[in-house]
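Right, one structure below, let's go through it.
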Number of protein chains: 2
Amino acid sequence: MITLRQLQCFAAVAECLHFRRAAERINISQPALSAQISQLEESLGVLLLERTRRRVLLTPIGRDLAERANDILKSVSDLEEFAHGARTPLSGTLRLGVLRTLGPYLLPHFLPEMRRRHPDLKLYLREDPDDRLLDELTSGQLDLILMASAPRNDDHLTVVPLFREPLWAVLPLGHRLAAKDSLAQADLAGESLILLEFGDGLREPVLALCHAAGSREHADFRATSLDSLRQMVATGLGATCLPALYVDAEALADEQIVVRPFDAPAPARSIDLVWRRTSARSPEFRLFAELVASHLPTVVTPL
Amino acid sequence: MITLRQLQCFAAVAECLHFRRAAERINISQPALSAQISQLEESLGVLLLERTRRRVLLTPIGRDLAERANDILKSVSDLEEFAHGARTPLSGTLRLGVLRTLGPYLLPHFLPEMRRRHPDLKLYLREDPDDRLLDELTSGQLDLILMASAPRNDDHLTVVPLFREPLWAVLPLGHRLAAKDSLAQADLAGESLILLEFGDGLREPVLALCHAAGSREHADFRATSLDSLRQMVATGLGATCLPALYVDAEALADEQIVVRPFDAPAPARSIDLVWRRTSARSPEFRLFAELVASHLPTVVTPL
DNA sequence: TGAAGCTGATAGCTTCAGCCTATCATTGTT
DNA sequence: AACAATGATAGGCTGAAGCTATCAGCTTCA
């Protein structure tokens, strides 16, 4: 195996065409440089330099190889510079997983500021159900995830609570509860609520609400996205609960539905930032958490 | 400075995500590999791997660097392979200098065969006057030159005589000598011959011929190329002598002029192949010489 | 719950690659 | 003929890189 040292020495000689000057340039003695060149020629099985006692010339092969050597040395120095630059926090590539019911409504609040403060950060975003997110985090396919109610009993994970996101009641036009400005949970007694599938961090808190309020899940329909849920409500299929960030971003402007807050204590889901405890970039991830926390809209409750 | 060994070790671990298997793959012990990785992380100032006792993951930076490391290793292995392949004779790039009055008429005779037998040889061609060719050869800008009457007293050079190229008399239509099938040198007595400038290996032998035959250089005209020389003769400006390869390739078909050979011993120029004695590729150059010599047309005399 | 089996890290030792200084051998210059 | 410059060689030292043996943390399974 040839070494970078050999290539470095060779590149120096190829440029200076003079052993002593080349040796001086890379701060070694002339014999040491001679030895490196000899070894390179030996292991390549090719004469790179044409030595007259009086001067040095590159052989034809030497010319080609000198060019390649310089390219390689440049790549190495790029790599080193890249690694050095990567020590600045929140730069490089970060693979962030996020719930489908959360990402599109939360990220716009902090991504512009993130880009402003950490222009070298490249975010790879992946939306998945919570179980998949956890799998991908622990298997190393993701570095960081945003999810609801992250598991607290797994000491491989670091979980940073970010905020509580309240749920809002979403009713068809002309619903009996639409007349009230805000609802108590008990107002939903007897209602059939349309729920999401598992995995988006919403089904569970709404089911809990049902249990507490004495309502139940709509028997015939189960939605697969917040938008379809909203549209199902708009067609009069029934009522539901939607998270505050989505309501704020999408539902308030929809005149086909009625949106009402709950009285305190409002039902809510908890959003956490999670990473592997062993991750080398924990400090950066805490920075990430702080940045997200400081750019939350007023519809959610910081923790 | 990081080393290729470190990159190689890192690339192996990045692929296997397992120290022992990676160590086995590159045939070192696991502790040795651990040490290499540690040193790489140390010198880059960056954690590349996330070590759980149970398994290994790449950090985000590690992923980027692994890709770069693989690129670099690939370049190195390409370089090695290139150098290895370059040991086959007459491959790679060869910078050949040649006289302007020779190249276009000689090269077509052997270049096709050269390409067939040595498909990996890339020829860089340069046409120049003889003094410039010698300068460029000794300064290392050329590897090999084809010229006339190369200097025999310079023991920095290896000179291989290739062939003698006879000169032919070239006359305007209706010239008094056009009636003869072939000329004796003395037939030119009293003629004014149009000559080339210095440097193309033709002026000197024709001047010698003038001296021997009792003719002289045309006082008013001196040509700068064989084609212009031919055209000057065609307009009746005077007679001249042109080399056999040119005559064979270009002048025989020209009906505006008359071309006549000389009786033996015909005036001629000697063509040599020349390289620096110190050149590492001397054996290949001898091969080159043989190939050229074995593809000469019958109009020249092999040596 | 405790033993067994992985994992990567560490310790102690050996070898050899890489470097230095000093000097040689060749060649071109004065 | 003496001198200067250049790359190669010799001898000796240091430290990097490798090995074997072992440790320490974790998982698995009886």
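The values are calculated or read from the model by the stated rules, or taken from the named source; none is laboratory data. Since we're looking at a predicted model, the values are computed, not measured. Quick reminder, even Gly has a Cβ in these numbers, built from the backbone with ideal geometry, and neighbours come from all protein chains shown. We work out accessible area using only protein heavy atoms, side chains counted, and drop any ligands, DNA or RNA first. Shrake-Rupley method; radii C 1.70, N 1.55, O 1.52, S 1.80 Å.
Our summary of shape: the Cα atoms of the protein assembly as shown have principal axis extents of 131, 58, 36 Å, ordered from largest down, in whole angstrom.
The dipole here belongs to chain A: it is taken about the Cα centre, uses +1 on the Cβ of Lys and Arg and -1 on the Cβ of Asp and Glu, and is about 1540 debye. Chain B against chain A buries an accessible area of about 4100 Å², both chains summed, 1.4 Å probe radius. Surface composition of the protein assembly as shown: carbon and sulfur make up 50 percent of the accessible area, probe 1.4 Å. Legend: residues in region B:1-33 shielded by at least 10 square angstrom of accessible surface upon adding the remaining protein chains to the isolated chain (1.4 Å probe, heavy atoms) are B:Met1, B:Ile2, B:Leu4, B:Leu7, B:Gln8. Taking all protein chains together, A:His109, A:His211, B:His118 sort by accessible area into A:His211, A:His109, B:His118, largest first [probe 1.4 Å]. Computed with a 1.4 Å probe over protein heavy atoms only, the accessible surface of the protein assembly as shown comes to 46 Å² per residue. Would you mind computing the Rg to Rh ratio of chain B from its alpha-carbon coordinates, Kirkwood style for Rh? On the Cα set of chain B, Rg over Rh gives 1.31.
Qualifying trypsin sites (Lys or Arg not before Pro) in region A:218-303, where qualification requires a DSSP coil assignment and no more than 16 other C-beta atoms within 10 Å, comprise A:Arg277. Among the residues of A:79-90, the average count of other protein chain beta-carbon atoms within 10 Å of the residue beta-carbon is 5. The alpha carbon convex hull volume per residue for region A:105-167 rounds to 121 Å³. Put simply, the convex hull of the Cα atoms in region B:4-85 casts, on average, a shadow of 5.4 nm².
Beta bridges assigned by DSSP with both partners in region A:88-303 are antiparallel in approximately 60 percent of cases.
The distance between label points at B:Arg152 and A:Ser29 comes to 4.8 nm (points 7 Å beyond Cα on the Cα→Cβ vector). Database remark: amide H of A:Leu195 closer than 5 angstrom to the amide H of A:His218, A:Ala223 (H placed geometrically; neighbours at sequence offset of 5 or more, or on other chains; Pro and chain starts carry no H). Estimated purely from DSSP H runs of n ≥ 4, each contributing -39500 (n - 2.57), the mean residue ellipticity at 222 nm for chain A is -12000 deg cm²/dmol once divided by its residues.
Rounded to the nearest 5, the antiparallel percentage of DSSP beta bridges internal to the protein assembly as shown is 60%. If you wrap the Cα atoms of region A:1-45 in a convex hull and average its projected area over all directions, you get 2.7 nm². In a DSSP loop and with at most 14 other Cβ atoms within 10 Å, the trypsin sites (Lys or Arg not before Pro) in region A:41-107 are A:Arg53, A:Arg54, A:Arg55, A:Arg87. For the Cα trace of region A:60-188, dividing Rg by the Kirkwood Rh returns an Rg/Rh value of 1.25. Positive end of the dipole of chain A (Cβ unit charges, origin at the Cα centre): among A:Leu173, A:Phe288, A:Leu195, the Cα lying farthest that way belongs to A:Phe288. Each of the GluC sites (Glu not before Pro) that DSSP puts in a loop and that has at most 14 other Cβ atoms within 10 Å breaks chain A; the longest unbroken stretch is A:1-196.
Modelled spin-label separation between B:Ala184 and B:Arg216, with each label point placed 7 Å from Cα along the Cα-to-Cβ direction: 2.3 nm. Summary value for chain A: 20 percent relative contact order, contacts being C-alpha pairs under 8 angstrom separated by 6+ residues. Accessible area per residue was computed with a 1.4 Å probe on protein heavy atoms; A:Cys210 scores about 10 Å². As a length-normalised measure over Cα pairs under 8 Å and 6 or more apart, the relative contact order of region A:90-227 settles at 24 percent.
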